[in-house]
Every structure is written in C-alpha cells, then in structure tokens.
Amino acid sequence: MAKILLHGTEAICEGAIRNGCRAFFGYPITPQNEVPEYMSVNMPKVGGVFVQAESEVAAINMVYGAAGAGVRAMTSSSSPGISLKQEGISYISCARIPCVIVNVMRAGPGLGGILPAQGDYFQATKGGGHGDYHLIVLAPCSAQEACDLTYLAFDLSDKYRVPAMILADGMIGQIMEPVELPPMRPLSDIPKKDWATDGGYGKDRRVLNSLIIKAEELEPHVNALQKTYDEIAANEQRCEEYMIKDAEIVITAYGTVARICKSAAKTLRKEGIKAGVIRPVTLFPFPSKAYERAAEKAEAFLTVELSLGQMVEDVRLAVNGKKPVSFYGRTGGNVMDEEEIVRAAKSALARAREGK
Amino acid sequence: MIRILLAGQGGQGVLSAGKMLAESGLWEGKEVSYLPAYGPEMRGGTANCSVIISDEEIASPLCNNPDVLIAMNGPSFHKFAPRVRSGGIVIVNGSLSDCYAGRDDISVYDIAANDIAMQAGDIRSANNVILGALCQITHIVKDKSIINCLNEKFVGKPALMEINARAFELGKAAVESGGER
C-alpha cells in the first residue's frame with residue numbers, strides 16, 4: 001500500500017480503527033483535538049460509536065462500560081484531561097478491562113501550556129491513579145509508529161487484560177509524515193472475550209467489578225494483577241537501539257526527542273565521539289535489559305527529556321550504578337535542539353572520564 | 001536533505017504552503033516531515049512550520065538552522081534570518097518586510113508576495129507566489145508536483161485554481177526579474 005501524508009493524530013485513529021476499535025469517547029483539549037475530530041468523521045463509517053462526552057470523567061467511564069461489554073474502545077486527551085481520567089483508569093485497571101487511552105502530552109503542571117512536553121512519564125508509568133496498578137505504556141516517535149503502536153496497543157491490552165496508554169508528546173500530535181497503513185482487520189478475526197458482559201443470558205454469570213471489599217479477596221486480586229505486570233515485563237520490553245555496539249556515550253530518550261538525539265549522535269560521530277541512542281518504545285514495561293547490556297560497554301549515559309527528569313530514574317535503576325547517568329531536559333513547551341544535546345553529551349562523557 | 005522553515009502570521013497560508021511542499025515531496029517518492037508550531041489564534045498569531053525533504057530517513061524533525069527560510073512578514077524575517085545556516089537562502093515577502101538581514105553569507109530574495117498576489121487576483125495567494133519563487137530558486141520539488149497539490153486543494157473551484165496557479169507562475173517570474181538582493 002502506498003504511503004500517505006497523515007498527522008500523528010490521524011495515524012493514531014487509523015491504527016485504532018484498523019485493529020477493531022469501534023467505540024470512541026472524548027472531550028476536547030489541545031493538542032489532541034484532531035483525534036476526536038477524525039474519529040467523529042470516521043467512526044460512523046465503520047459502524048462504530050463516537051460520543052463527545054460532557055467531561056473527561058464521563059468519557060473514561062463510557063470507555064469502562066463499552067470495553068466491559070467487549071468492544072474495543074478508546075479515549076484520548078492531553079495532560080490535564082488525563083489527570084481527570086485517573087479515577088476511571090484505576091477502576092478499569094482493577095476490573096481488568098482492556099482499552100486504549102491516548103495522552104498527547106502538553107506542558108504542565110496545572111493547566112500549563114499547549115506546547116509539547118513529556119512531563120507525564122511518572123503518571124503514565126507508575127500508575128497515575130490510586131492503588132497498585134500499571135498500564136502498558138507505548139511511546140511513538142513518528143506518525144508511522146503512532147499508527148503501528150496504537151494498533152499493537154489493542155492487541156496487548158486484550159492479551160493481558162490491562163489498559164494500554166499511548167504516551168505521545170505534542171509534536172506527534174502535530175507532525176505530518178508519510179504513513180503506510182495496515183490493512184483493515186475484520187472484527188471476526190479478533191479473539192472472543194470470555195469475560196465480557198455482553199448479554200450472554202443463560203451462560204455463566206459474568207461480573208466486572210472494581211469494588212472488592214473483603215481483605216482476603218482483594219489481596220489475591222492485587223497479587224494476580226502484579227503477576228500479570230511481571231509477565232508483561234518479561235515478554236513485552238521493546239526498544240530501538242541505534243549505533244549502540246561501540247558507543248562510548250549512550251544517549252537515551254523516548255518519542256520525538258529520541259529523533260533529535262539520533263541527529264545529535266550522528267553529529268557526535270562526525271566529531272569522533274562514538275555515540276549511540278537507546279529509544280524505549282515501551283515505557284511500561286521499561287526495556288531495562290537493553291540498558292543492562294549497554295552498561296557493560298558504554299562509559300556514560302545521558303537521558304534527554306522534555307521534563308526535569310522522570311525517565312532518568314528508570315534509566316538509573318536499569319544501569320544500576322555501573323556507569324554514570326547524566327540528565328538534560330527542557331520544559332515549558334521548549335524543545336531542545338541537536339546542538340544542546342551534543343553539548344550535554346560531551347559534558348556527560350567528560351564528567352564520567354574525570355570520575356565525577 | 002533540505003530543511004525549510006516557513007514563518008509568518010496566522011492567515012497568510014504559511015501552514016498550507018508547508019503542507020503542500022511536504023505532499024509534493026512525498027509524491028516524488030522522498031522522505032518528508034512537516035512540523036507546525038502555532039498559537040491558539042486562527043488569525044494574527046505567529047505561525048511557522050518546519051518542512052524537511054530528504055532522500056534518507058529523517059531523524060530530527062526540527063529546523064533550528066534551516067537551509068531555506070521563507071519569511072512572510074518583517075517580524076518572522078528578523079527573528080529567523082540569523083538562524084539560517086551559512087550559505088543558506090532566505091525568501092522574504094517584500095510587501096511586508098525590509099530585506100536587510102545584517103549578514104552577507106546568505107542569499108536573500110526579496111519577493112513582493114502580497115502585491116504580486118493581488119496582481120494574480122487574490123491576496124490570499126501570496127503563499128503560492130512564495131512557493132513559485134522557492135521552486136524557481138531551489139528546484140526542491142517539481143513545479144508539476146505543486147500544481148498537482150493545488151489542483152487537489154481547489155477541486156471544484158476552477159476560478160481559485162486559476163488565480164493560485166497564476167500566483168505560482170508570477171512568483172517564479174519575480175525571481176527571474178531580479179528578486180535577489
């Protein structure tokens with residue numbers, strides 16, 4: 001199939017629709033308004049449901065209901081809106097209902113600004129709402145990946161019965177790039193859900209619930225969830241390794257920022273410094289194994305984020321003190337350029353060599 | 001690889017010109033990326049976009065030091081001209097800006113896009129005047145690809161199509177008649 005020029009947001013929608021998403025519930029917020037806009041036009045075309053809800057809280061609870069009935073359902077928002085959805089996300093996680101939540105991150109905290117940021121890493125990967133739970137978190141770096149990872153998110157979410165989040169920075173929301181779309185998957189091809197409350201009268205009674213009042217019942221439930229997260233961590237770590245083999249300095253970033261890091265790594269190599277890039281594709285599970293391997297050879301790590309240092313904590317845990325891990329970040333909607341990363345990488349390497 | 005930064009005011013067609021460039025590049029089988037940056041206003045705020053057209057995979061989608069700057073007004077010209085890479089090209093809308101960049105290592109083309117657009121029949125075609133000039137100077141995409149994009153955009157609106165195609169041609173001619181400063 002020929003490539004077409006698509007917005008990152010449109011690519012997200014196509015990835016969803018082509019993997020059987022037939023229910024979308026949203027509430028407007030910049031910079032992701034193109035997601036509901038596109039869905040409002042295209043959901044009816046495939047016999048799906050589009051509802052502009054009265055609030056973010058309503059939208060996530062509509063996802064709770066639709067996905068509970070076995071439909072592949074999605075909602076989308078940006079940082080402040082995702083905060084509002086957290087109660088629902090926690091409930092959905094406890095009830096073990098698969099669904100996809102898209103967060104096109106903007107600059108925070110608070111109402112913040114509408115420009116790109118990556119300040120929601122902790123919220124996305126460490127739970128976000130209350131209680132012991134995680135989401136599967138995927139971070140696209142291009143319009144193509146925005147499509148492919150959303151497609152994948154529905155399959156992973158169904159497989160583990162854990163909600164999945166697409167964590168995209170604002171640039172993914174606005175960039176236009178050529179995308180090769182996957183073929184439309186027939187609904188009959190999607191595995192049946194033997195737990196869904198889909199009106200199967202006369203069969204086993206099915207209950208989806210997030211209220212488990214007895215301590216002796218809640219603990220095994222939470223333990224079972226944890227077992228699933230461990231399984232996900234063992235099976236689903238994904239990352240891109242770029243010029244890592246002989247790298248002295250490993251630059252690491254996710255999303256669009258990783259692409260700027262790749263350009264910086266190329267520049268560093270031209271100047272005789274062997275630089276490589278690790279780009280986590282899954283943020284939960286964090287691709288620790290790649291960092292463990294890289295820490296054997298590299299002299300230093302540099303984590304680059306559009307935040308003041310969130311993923312860097314997971315990088316430090318994975319590197320586990322074997323090599324120094326530096327950090328460089330920008331906030332407020334400002335995006336670092338290649339030269340800033342080149343400078344930060346040089347200074348990180350110099351500090352490591354001085355043993356500081 | 002060529003990195004083009006298009007900058008101006010919301011409503012001047014900066015973003016649609018950038019999108020047409022990217023689409024033209026894609027039509028010619030190249031790797032492209034289009035990254036807009038604009039304020040919440042529909043008109044009047046700042047609007048700019050980075051377009052990259054390349055034969056290889058595009059890593060960074062940013063154009064902090066563009067090869068080509070298209071400045072649709074004075075503030076954009078003075079803000080971004082210092083960032084153009086040495087040896088680069090600046091096309092400035094002379095109807096709304098002076099063309100003194102304060103450096104001599106770049107080529108500045110002064111194209112009176114608004115005046116030429118009015119001559120073409122509609123001031124809103126100023127962006128296509130500039131695209132005409134860009135194609136004439138850099139040959140980054142073929143004229144035919146841009147005309148294809150215009151045809152797609154103005155399908156069912158032959159009068160507008162004619163004006164914009166004329167604007168594109170007049171933009172090309174403006175380079176020939178000594179736009180370079």
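Just so you know, all these numbers are worked out from the coordinates, no wet-lab data involved. Not measured: the values here are computed from a predicted model. With ideal geometry, Cβ positions are generated from the backbone for all residues, glycine too; neighbour counts draw on all protein chains shown.
When only residues in the stretch A:32-67 that are of a type in the set (Gly, Ala, Ser) and closer than 23 Å to A:Glu87 by Cβ count, which is surrounded by the fewest Cβ atoms within 10 Å (Cβ to Cβ)?
By that ranking, first place goes to A:Ser55.
Could you tell me which residue of the stretch B:16-35 is nearest to the other protein chains (Cβ to nearest Cβ), considering only residues that are surrounded by fewer than 23 Cβ atoms within 10 Å (Cβ to Cβ) and among the small types (Gly, Ala, Ser)?
Per the stated criteria, the residue is B:Gly29.
For the stretch B:6-15, check the following and say yes or no: at least one residue is away from every other protein chain (no Cβ under 11 Å), in contact with a Cys (Cβ under 7 Å, 6 or more places away or on another chain) and under 23 Å from B:Ala173 (Cβ atoms). Even if it seems obvious, please write down each step before you answer.
Residues of the stretch B:6-15 away from every other protein chain (no Cβ under 11 Å): B:6-14.
Adding the requirement that they be in contact with a Cys (Cβ under 7 Å, 6 or more places away or on another chain) leaves B:6, B:14.
Right, trim to under 23 Å from B:Ala173 (Cβ atoms) and you get B:6, B:14.
Looking for residues that are away from every other protein chain (no Cβ under 11 Å), in contact with a Cys (Cβ under 7 Å, 6 or more places away or on another chain) and under 23 Å from B:Ala173 (Cβ atoms), one finds at least one in the stretch B:6-15, hence yes.
Please give the number of the condition B:Tyr38 fails out of (1) more than 14 Å from every other protein chain (Cβ to nearest Cβ); (2) farther than 24 Å from B:Met118 by Cβ; (3) aromatic (Phe, Trp, Tyr).
It fails just one condition, (1).
Name the residues in the stretch B:86-98 that are more than 16 Å from the chain's Cα centre (by Cα) and touching a residue at least 24 places away in the same chain (Cβ under 8 Å), would you?
Once the filter is applied, which keeps residues that are more than 16 Å from the chain's Cα centre (by Cα) and touching a residue at least 24 places away in the same chain (Cβ under 8 Å), the stretch B:86-98 yields only B:Asp98.
For residues in the stretch A:158-210 being assigned to a helix (DSSP H, G or I) and within 14 Å of chain B (Cβ to nearest Cβ), which is nearest to A:Cys141 (Cα to Cα)? Walk me through how you get there before you give the answer.
Initially, the stretch A:158-210 is screened for residues assigned to a helix (DSSP H, G or I), giving A:158-160, A:170-174, A:187-189.
Pick out the ones that are also within 14 Å of chain B (Cβ to nearest Cβ) and you get A:170-174.
Working: A:Gly170: 11, A:Met171: 9, A:Ile172: 7, A:Gly173: 11, A:Gln174: 12 Å.
The qualifying residue nearest to A:Cys141 (Cα to Cα) is A:Ile172.
Criterion first (touching a residue at least 24 places away in the same chain (Cβ under 8 Å) and over 20 Å from B:Arg124 (Cα atoms)) does B:Ile111 satisfy it?
On the way: touching a residue at least 24 places away in the same chain (Cβ under 8 Å): yes; over 20 Å from B:Arg124 (Cα atoms): no.
Here the answer is no, as B:Ile111 does not meet what is asked.
Collect the residues in the stretch A:138-150 that are in contact with a Pro (Cβ under 9 Å, 6 or more places away or on another chain), more than 14 Å from chain B (Cβ to nearest Cβ) and buried (at least 24 other Cβ atoms within 10 Å of the Cβ), keeping them in residue-number order.
If the condition is that a residue be in contact with a Pro (Cβ under 9 Å, 6 or more places away or on another chain), more than 14 Å from chain B (Cβ to nearest Cβ) and buried (at least 24 other Cβ atoms within 10 Å of the Cβ), then A:Ala139, A:Cys147, A:Leu149, A:Thr150 are the ones that fit.
Tell me, please, whether a residue that is farther than 29 Å from A:Glu219 by Cα and small (Gly, Ala, Ser) can be found in the stretch A:121-133.
Checked the stretch A:121-133: no residue is farther than 29 Å from A:Glu219 by Cα and small (Gly, Ala, Ser).
Would you check which residues across the stretch B:99-125 are at positive phi and touching a Lys or Arg at 6+ places or on another chain (Cβ under 9 Å) and list them? Let's see the steps before the verdict.
If we filter the stretch B:99-125 for residues that are at positive phi, which is where we start, we get B:102, B:121.
Of everything in the stretch B:99-125, just one residue is at positive phi and touching a Lys or Arg at 6+ places or on another chain (Cβ under 9 Å), namely B:Gly121.
Answer yes if at least one residue in the stretch A:228-235 is out of contact with any strand residue (DSSP E or B) (no Cβ under 7 Å at 6 or more places or on another chain) and within 14 Å of another protein chain (Cβ to nearest Cβ), and no otherwise.
No: the stretch A:228-235 contains no residue that is out of contact with any strand residue (DSSP E or B) (no Cβ under 7 Å at 6 or more places or on another chain) and within 14 Å of another protein chain (Cβ to nearest Cβ).
When you go through A:Leu308, A:Leu349, A:Leu302, A:Leu317 one by one, which is the residue that is of a type in the set (A, V, I, L, M, F, W, C), away from every other protein chain (no Cβ under 14 Å) and touching a Gly at 6+ places or on another chain (Cβ under 9 Å)?
Result of the check over A:Leu308, A:Leu349, A:Leu302, A:Leu317: A:Leu308.
When residues of the stretch A:302-338 are filtered for being in a helix (DSSP H, G or I) and without any contact (Cβ under 8 Å) to a residue 60 or more places away in the chain, how many remain?
Qualifying residue count for the region: 6.
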